[in-house]
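The values are calculated or read from the model by the stated rules, or taken from the named source; none is laboratory data. What you see is a predicted model, and the numbers here were worked out from it, not measured in a lab. Note that we place each Cβ from the backbone using ideal geometry, even for glycine, and neighbour counts take in every protein chain shown. For the accessible areas, the whole protein counts, side chains as well, though only heavy atoms, and no ligand, DNA or RNA atoms are used. Shrake-Rupley method; radii C 1.70, N 1.55, O 1.52, S 1.80 Å.
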Amino acid sequence: MANGESFIIHLNGRPMRVHAGMTVAAAILEAGVASRLSVRGEPRQPLCGMGICYECRASIDGQAHQRTCQILCRPGITVVAG
Ligand code: FES
């Protein structure tokens, strides 16, 4: 898929248009939602952007705790964040 193309993913049950080459973390940030909640219920967002901090974890296609900063959006994926 060439850069500049766009497609639809599903984020928290809503369709969202994203650009090819965009990470799932970037899509979550653009949507303005938390990646996950801490054990105390605090919203968490990507911090390092390079796979080390694990703050960007979310479920992708039913697989929990995926580091979204390391995964590119693909057409039709389902992301559950927050
Ligand atoms: S933002 Fe740190 S692991 Fe993804």
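Summary of computed values
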item: Scan of the stretch 29-47 for residues that are near the ligand (Cβ under 6 Å from one of its atoms) and either open to solvent by 50 Å² or more (accessible area, probe 1.4 Å) or of a type in the set (S, T, N, Q) (or both), ordered by number; result: Leu47
item: Filtered residue count, the stretch 12-26, keeping only those that are crowded, with 22+ Cβ neighbours inside 10 Å and within 14 Å of the ligand (Cβ to nearest atom); result: 2
item: Flag for Ile9 being touching a strand residue (DSSP E or B) at 6+ places or on another chain (Cβ under 9 Å), open to solvent by less than 50 Å² (accessible area, probe 1.4 Å), in a helix (DSSP H, G or I) and at pLDDT 95 or above; result: no
item: The stretch 50-64 - residue that is open to solvent by 50 Å² or more (accessible area, probe 1.4 Å) and part of a loop (DSSP other than H, G, I, E, B) and, of those, nearest to Met22 (Cα to Cα); result: Met50
